[in-house]
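In what follows, a single structure is set out as structure tokens and then discussed.
Please treat every number below as a calculation from the coordinates, not as lab data. What you are looking at is a predicted structure, and each value in this text was computed from that prediction instead of being measured. FYI the Cβ positions are ideal-geometry reconstructions off the backbone, even for glycines, and counts take in every protein chain you see.
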Amino acid sequence: MGKYIVWVVIILMFFIAPIFLGTKVPAGYEAILVNQYSQKGVDNTPLVTWRVFYNPFTQDLVTYPVFVQTKDYDEFTVNAKDWSVFVVDPTISYKIEAGATPAIYQKYRKDIRDITDVVMLQMIKDGFRLVINQYTTDEIISKRSEIEAAIEKAIKESSSKDKIAIERLTSWIKYPQSIEASIASKNAAVQEAQKVENQLRVAEANAKIQTTNAEASAKAKLIEAEANAKAIEIQSRAVQAQGGSDYIKLQWIKEVGSKWNGVLPSTTLSEGWTTLMQLPK
């Protein structure tokens with residue numbers, strides 16, 4: 001009799017328990033019911049929303065968020081084509097497309113934590129390694145933006161197959177220490193070369209200014225000399241037109257005579273001789 005009672009209780013738990021185990025699916029989430037004892041495993045995973053009633057003894061309720069998830073992963077290393085080792089520190093923002101929960105669970109059979117920490121991390125590592133393996137160290141340095149775009153494209157193509165949308169990927173690619181030291185040395189050399197080049201440009205500019213000033217000064221003097229010569233020529237012509245030497249005497253008398261006191265200038269020589277200044281003839 002006791003055995004029958006136990007079986008009745010078990011049967012009642014299987015059929016009555018679901019009535020009391022109703023669960024509300026939170027906003028922003030999708031849920032699927034997974035049959036624990038199905039021979040086909042997770043082939044039959046209906047998508048459920050709002051309030052769900054299920055049997056906890058035969059079913060599992062798995063929920064996936066369909067809003068944006070952000071994960072900052074730990075650093076990992078990747079090798080370049082020439083075997084240089086680069087350190088990558090990625091951060092990713094993604095979300096599962098609405099309605100994709102059953103297919104994702106059927107493929108991976110993992111909850112959202114494992115999807116983020118395992119599946120997405122592997123996609124990211126594969127994307128970085130697939131792209132960076134194709135480039136040498138020098139190419140990675142000189143084509144960094146192009147390479148990062150190629151990495152993001154590779155990861156998006158991989159995740160889109162599972163209907164996982166990449167919203168944003170931030171990747172910090174750290175160069176090997178030897179490369180960073182070489183870059184720092186190169187940058188210092190470039191800065192010094194630019195400094196010297198700027199100094200040369202300033203010196204050239206100053207030299208041009210001095211040359212320009214000298215040319216302007218010489219030109220001004222030439223113009224002045226030409227003007228003086230022209231003035232002398234004009235005066236000479238005027239003198240000739242006015243009678244030549246007689247005109248000069250007359251002009252001298254007009255200029256000096258008005259100031260003359262009537263005494264001829266004289267010079268006392270040795271032995272008492274005196275000479276008188278002769279007027280121009």
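Pulled fully out, how much extra length does the chain show between E197 and Q177, if you take 0.36 nm times their separation in residues and subtract their Cα-Cα distance?
Details: separation 20, 0.36 × 20 = 7.20 nm, distance 2.99 nm.
Roughly 4.2 nm would be gained on extension.
With the cut-off at under 14 Å, measuring from each backbone N in segment 150-171 to a point 7 Å along the Cα-to-Cβ line of T70 picks out 167-171. Count Lys and Arg as plus one, Asp and Glu as minus one, and take only other residues whose Cβ is under 10 Å from that of A80; the net charge is then -2. Kindly provide the trypsin sites (Lys or Arg not before Pro) of segment 92-169 that DSSP labels as loop, not H, G, I, E or B, and whose Cβ sees at most 10 other Cβ atoms within 10 Å. Sites meeting the loop and neighbour criteria: K161. Remark: the N206-Y37 segment gains 51.8 nm on full extension, using 0.36 nm per residue and subtracting the alpha carbon distance. Backbone amide hydrogens, once placed in the peptide plane, bring V52 within less than 5 Å of T23, K24, V25, excluding anything fewer than 5 places away on its chain. Here the spin labels are modelled as points 7 Å beyond Cα on the Cα-Cβ line, and at K230 and N187 they lie 6.4 nm apart. As a proxy for reagent exposure, L200, L33, L47 were ordered by neighbouring Cβ count within 10 angstrom, fewest first; the result is L200, L47, L33.
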